[in-house]
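A.B. asks: My questions will all concern the structure given below.
The values are calculated or read from the model by the stated rules, or taken from the named source; none is laboratory data. Treat the numbers as computed from the prediction; the structure is a model and nothing was measured. Backbone-built Cβ (ideal geometry, glycine too); neighbour counts: all protein chains shown.
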Amino acid sequence: MKKIAVYGKGGIGKSTTVSNTSAALSLLGYTVMQIGCDPKADSTRNLSEGKNIPTVLDMLRNKENVSLEDLVYKSSTGVYCVESGGPVPGVGCAGRGIITAFEKLEELNAYEIYNPDIVIYDVLGDVVCGGFAMPIRGGYADDVYIVTSGEMMSLYAAANIARAVKSFGKRGYASLKGLVLNAKNIEGESELVQNAAEEIGTKVIHKIPRDSIIQKAEGLGKTCVEAFPDSEMSKRYLSLANTILENKYEEHFS
């Protein structure tokens with residue numbers, strides 16, 4: 001089982017990148033489980049017809065004897081979707097909620113029952129503490145990727161995440177495999193991100209260009225891979241999926 005954590009600053013397009021990559025991996029014939037690790041619980045919306053699925057924490061709060069069927073939604077693309085959810089607003093710790101969700105999935109033997117080839121954790125990267133670092137330090141993920149753009153705040157977040165990953169990596173946990181540039185069409189963006197990658201000590205493995213077809217797909221409640229399978233953007237996500245599978249660096253700056 002390949003275990004991947006994808007981090008990035010909020011609003012960078014991380015969940016769009018993850019859900020399209022999950023759909024691409026499923027299209028390639030792999031059994032994929034995507035676990036959203038953000039209190040907003042919107043990681044899997046484009047895999048679930050544009051709707052939020054029930055979260056693990058909501059189910060634990062509102063139902064006794066929770067089963068896996070209550071927590072795991074199988075999308076039309078075949079991806080198994082889970083949302084950890086968060087605490088009641090103003091009460092509790094969102095990071096702790098992620099830990100609780102992970103523990104419940106293990107207790108119910110989710111990984112053994114669904115037997116995914118690939119598990120992708122979609123993790124908020126504005127903070128790298130407590131439960132948000134769980135995929136890195138808890139042995140849940142082996143490989144870490146960071147989604148960024150050329151915007152200063154997203155690069156700053158990427159540097160923070162990279163430091164955390166490298167710190168935990170010294171203890172035998174997950175390792176940083178590279179940056180994914182989700183372009184915002186900033187002047188000199190490719191060079192900015194390339195320079196940042198060199199400073200961090202990693203590489204840019206893929207570039208996703210800005211394209212309105214993504215918004216068109218999301219308007220349909222779908223990933224681009226599902227809604228427009230023959231599009232250039234769908235091919236980009238399939239290429240990213242293959243790059244992740246092979247752990248090969250493949251730069252796309254055309």
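A.B. asks: Which count do you get for residues in the range 44-53 that are surrounded by 18 or more Cβ atoms within 10 Å (Cβ to Cβ) and either out of contact with any Lys or Arg (no Cβ under 9 Å at 6 or more places or on another chain) or within 16 Å of Glu226 (Cα to Cα) (or both)?
C.D. replies: 5
A.B. asks: Is it the case that some residue within the range 21-40 is acidic (Asp, Glu) and touching a strand residue (DSSP E or B) at 6+ places or on another chain (Cβ under 7 Å)?
C.D. replies: yes
A.B. asks: Select, from Thr223, Thr148, the only residue that is at pLDDT 95 or above, touching a Phe, Trp or Tyr at 6+ places or on another chain (Cβ under 9 Å) and surrounded by 15 or more Cβ atoms within 10 Å (Cβ to Cβ).
C.D. replies: Among Thr223, Thr148, only Thr223 is at pLDDT 95 or above, touching a Phe, Trp or Tyr at 6+ places or on another chain (Cβ under 9 Å) and surrounded by 15 or more Cβ atoms within 10 Å (Cβ to Cβ).
A.B. asks: Let me ask something else about it. Quick one: which of Ala197, Ala164, Ala241 is among the hydrophobic types (A, V, I, L, M, F, W, C) and either assigned to a loop (DSSP other than H, G, I, E, B) or at pLDDT below 95 (or both)?
C.D. replies: Just one listed residue meets the conditions, Ala164.
A.B. asks: Could you please let me know if Ser84 is among the polar types (S, T, N, Q), crowded, with 19+ Cβ neighbours inside 10 Å, closer than 29 Å to Lys184 by Cβ and at pLDDT below 95?
C.D. replies: Against the criterion (among the polar types (S, T, N, Q), crowded, with 19+ Cβ neighbours inside 10 Å, closer than 29 Å to Lys184 by Cβ and at pLDDT below 95), Ser84 qualifies.
A.B. asks: For the subset of the range 168-206 comprising residues that are free of Cβ contacts under 8 Å to residues at least 60 places away in the same chain and in contact with an Asp or Glu (Cβ under 7 Å, 6 or more places away or on another chain), which member is farthest from Val123 (Cα to Cα)?
C.D. replies: Looking at the filtered set, the residue picked out is Ile186.
A.B. asks: Turning to a different aspect of this structure: Residues in the range 163-170: is at least one farther than 22 Å from Phe132 by Cα, surrounded by 15 or more Cβ atoms within 10 Å (Cβ to Cβ) and under 19 Å from the mean Cα position of the chain (by Cα)?
C.D. replies: Among the residues of the range 163-170, not one is farther than 22 Å from Phe132 by Cα, surrounded by 15 or more Cβ atoms within 10 Å (Cβ to Cβ) and under 19 Å from the mean Cα position of the chain (by Cα), which makes the answer no.
A.B. asks: Look at the range 1-16 and say how many of its residues are over 10 Å from the mean Cα position of the chain (by Cα) and buried (at least 22 other Cβ atoms within 10 Å of the Cβ).
C.D. replies: Number of matching residues: 2.
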